[in-house]
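*Asks:* One structure is given below, represented as structure tokens, and several questions about it will come after.
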Amino acid sequence: MTEKATDTGKVSYGRREVTPAEKTRLVQNVFAKVAARYDTMNDIMSLGTHRLFKPMAVEMTGLAKGDRVLDLAGGTGDMTALLRPVVGDNGLIILADLNADMMRVGRDRLLHSGIADVSYCRVRAESLPFRDQMFNAVTISFGIRNFTSKETALDEICRVLKPGGVLVVLEFSHPDNPLFADLYRGFQTLWPAFGKRVVGDEEPYRYLVESIEKHPRREALALMFEDAGFSNVTHHPLAGGVAAIHRGVKP
Ligand SMILES: C[S@@+](CC[C@H](N)C(=O)[O-])C[C@H]1O[C@@H](n2cnc3c(N)ncnc32)[C@H](O)[C@@H]1O
């Protein structure tokens with residue numbers, strides 16, 4: 001299942017069908033609401049496992065000192081913090097996101113931990129304001145699920161990568177074991193209640209659960225990478241398929 005616009009021009013926002021413009025606005029609102037408590041909720045809902053997955057994704061970029069990397073949908077900056085030492089002082093890192101509130105929290109957190117040399121850019125992944133072949137790698141951590149059009153975003157990412165450049169996507173996925181899948185679904189039913197308690201609003205966390213449910217299976221997402229022109233596409237399930245890392249290379 002993809003977010004591709006249907007014949008009616010609608011895309012899915014969780015379980016609802018909305019226009020692409022409406023989806024962008026709704027996703028923008030979701031992250032504006034959660035920005036201040038996003039990191040706390042992330043730790044609660046993932047039981048801290050996102051902290052293990054993110055270094056794995058960074059490792060899979062194969063980045064070296066002096067390289068240029070785009071942390072797309074970078075939000076509150078976890079990936080940027082890990083990528084900064086990898087590309088070193090001569091490297092370039094841009095944290096780009098749709099939502100200014102998420103980036104503000106991210107910039108404050110990064111500055112607080114002594115990471116100043118980062119550029120911030122408000123973007124829509126579907127229309128990137130960067131020149132062709134600019135980056136050695138693009139990372140997206142828990143962002144692609146929310147994009148209004150994954151297909152258009154993947155085309156754009158391919159455009160801004162150098163030949164040989166790498167896209168690494170860390171995202172929720174679907175557990176393979178049916179018993180574990182049931183258990184995990186049970187755990188997810190608690191997320192809106194956690195959201196209500198921590199953020200004061202359960203609606204963003206209903207959307208979160210629905211957006212995970214609608215997210216393509218690993219094989220389908222890999223095919224989308226290939227359709228956008230990526231080669232050597234691989235995917236790696238994490239924690240029994242709760243999450244996955246997809247990797248593709250621009251030929
Ligand atoms: C779940 S957060 C992930 C933040 C961070 N990368 C992490 O791993 O913690 C998803 C981010 O995707 C951003 N986003 C959603 N749709 C986007 C789009 N079309 N273009 C760029 N960023 C988008 C949101 O604003 C939000 O900051």
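The values are calculated or read from the model by the stated rules, or taken from the named source; none is laboratory data. Quick caveat: nothing in here was measured; it's all calculated off a predicted structure. Counting neighbours? That spans all protein chains shown, and the Cβs are built from the backbone with ideal geometry, glycine included.
*Asks:* Can you find, within segment 24-58, the residue that is nearest to Tyr184 (Cα to Cα) among those that are more than 9 Å from the ligand (Cβ to nearest atom) and charged (D, E, K, R)?
*Replies:* Asp43
*Asks:* Now for a different question. Contact list please: Cβ distance under 8 Å, first residue in segment 68-82 and more than 7 Å from the ligand (Cβ to nearest atom), second residue charged (D, E, K, R) and outside any strand (DSSP E or B), pairs at least six apart or on different chains.
*Replies:* Hits for this filter: Gly77/Arg107; Gly77/Arg109; Ala81/Arg109; Leu82/Lys54.
*Asks:* Tally time: how many residues in segment 89-103 are over 14 Å from Ser119 (Cα atoms) and not aliphatic (A, V, I, L, M)?
*Replies:* The initial filter retains those residues of segment 89-103 that are over 14 Å from Ser119 (Cα atoms), namely 98-99, 101-102.
From the residues that got through so far, the ones that are not aliphatic (A, V, I, L, M) too are 99, 101.
Qualifying residue count for the region: 2.
*Asks:* Across segment 171-211, which residue is farthest from the ligand (Cβ to nearest atom) among those that are of a type in the set (Val, Ile, Thr) and more than 23 Å from Phe53 (Cα to Cα)?
*Replies:* Taking segment 171-211 and keeping what is of a type in the set (Val, Ile, Thr), we get 189, 198-199, 209.
So of that shortlist, the ones also more than 23 Å from Phe53 (Cα to Cα) come out as 198-199.
On the way: Val198: 15, Val199: 13 Å.
Within segment 171-211, the match that is farthest from the ligand (Cβ to nearest atom) is Val198.
*Asks:* Continuing with the same structure: Go through segment 131-146 and report how many residues are surrounded by 19 or more Cβ atoms within 10 Å (Cβ to Cβ) and either within 14 Å of the ligand (Cβ to nearest atom) or not in a strand (DSSP E or B) (or both).
*Replies:* Start the filter on segment 131-146 by keeping residues that are surrounded by 19 or more Cβ atoms within 10 Å (Cβ to Cβ), which leaves 135-146.
Add one more test, that the residue is either within 14 Å of the ligand (Cβ to nearest atom) or not in a strand (DSSP E or B) (or both), and what stays is 138-146.
Residues in segment 131-146 being surrounded by 19 or more Cβ atoms within 10 Å (Cβ to Cβ) and either within 14 Å of the ligand (Cβ to nearest atom) or not in a strand (DSSP E or B) (or both): 9 in total.
*Asks:* Considering only segment 191-251, give the helices (runs of 4 or more DSSP H) lying wholly within it that have at least 2 residues that are more than 20 Å from Tyr38 (Cβ to Cβ), touching an Asp or Glu at 6+ places or on another chain (Cβ under 8 Å) and at pLDDT 95 or above.
*Replies:* Working: elements: 191-198, 203-214, 218-227.
Correct list: 218-227.
*Asks:* Is it the case that segment 119-136 has a residue that's more than 21 Å from Val27 (Cβ to Cβ), touching a Ser or Thr at 6+ places or on another chain (Cβ under 6 Å) and not acidic (Asp, Glu)?
*Replies:* no
*Asks:* Separate question: Taking segment 147-179 as the region of interest, how many residues are in a loop (DSSP other than H, G, I, E, B) and either over 20 Å from Glu226 (Cα atoms) or of a type in the set (Asp, Glu) (or both)?
*Replies:* Quick first cut of segment 147-179, residues in a loop (DSSP other than H, G, I, E, B) only: 147-149, 173-177.
From what's left, either over 20 Å from Glu226 (Cα atoms) or of a type in the set (Asp, Glu) (or both): 174-177.
Residues that pass the stated criteria total 4.
*Asks:* Among the helices (runs of 4 or more DSSP H) contained in segment 1-102, which hold 2 or more residues that are over 30 Å from Leu183 (Cα atoms) and out of contact with any helix residue (DSSP H, G or I) (no Cβ under 9 Å at 6 or more places or on another chain)? Spell out the reasoning first.
*Replies:* Details: elements: 20-34, 38-46, 50-59, 78-87.
Hits in segment 1-102: 20-34, 78-87.
A quick yes/no check of all residues on (1) within 16 Å of Phe147 (Cβ to Cβ); (2) over 15 Å from the mean Cα position of the chain (by Cα); (3) surrounded by 15 or more Cβ atoms within 10 Å (Cβ to Cβ); (4) modelled with pLDDT under 95:
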{"site": "Lys4", "(1), (2), (3), (4)": "yes, yes, no, yes"}
{"site": "Asp7", "(1), (2), (3), (4)": "no, yes, no, yes"}
{"site": "Val11", "(1), (2), (3), (4)": "yes, yes, yes, yes"}
{"site": "Gly14", "(1), (2), (3), (4)": "yes, yes, yes, yes"}
{"site": "Tyr38", "(1), (2), (3), (4)": "no, no, yes, yes"}
{"site": "Met45", "(1), (2), (3), (4)": "no, yes, yes, yes"}
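*Asks:* Of all residues in segment 147-159, count the ones that are within 17 Å of Ser173 (Cβ to Cβ) and within 7 Å of the ligand (Cβ to nearest atom).
*Replies:* Final tally of qualifying residues: 1.
*Asks:* Same structure again: Is there a residue in segment 108-122 that is under 21 Å from Glu171 (Cα atoms), at pLDDT 95 or above and either outside any strand (DSSP E or B) or of a type in the set (A, V, I, L, M, F, W, C) (or both)?
*Replies:* Checking segment 108-122: not a single residue is under 21 Å from Glu171 (Cα atoms), at pLDDT 95 or above and either outside any strand (DSSP E or B) or of a type in the set (A, V, I, L, M, F, W, C) (or both).
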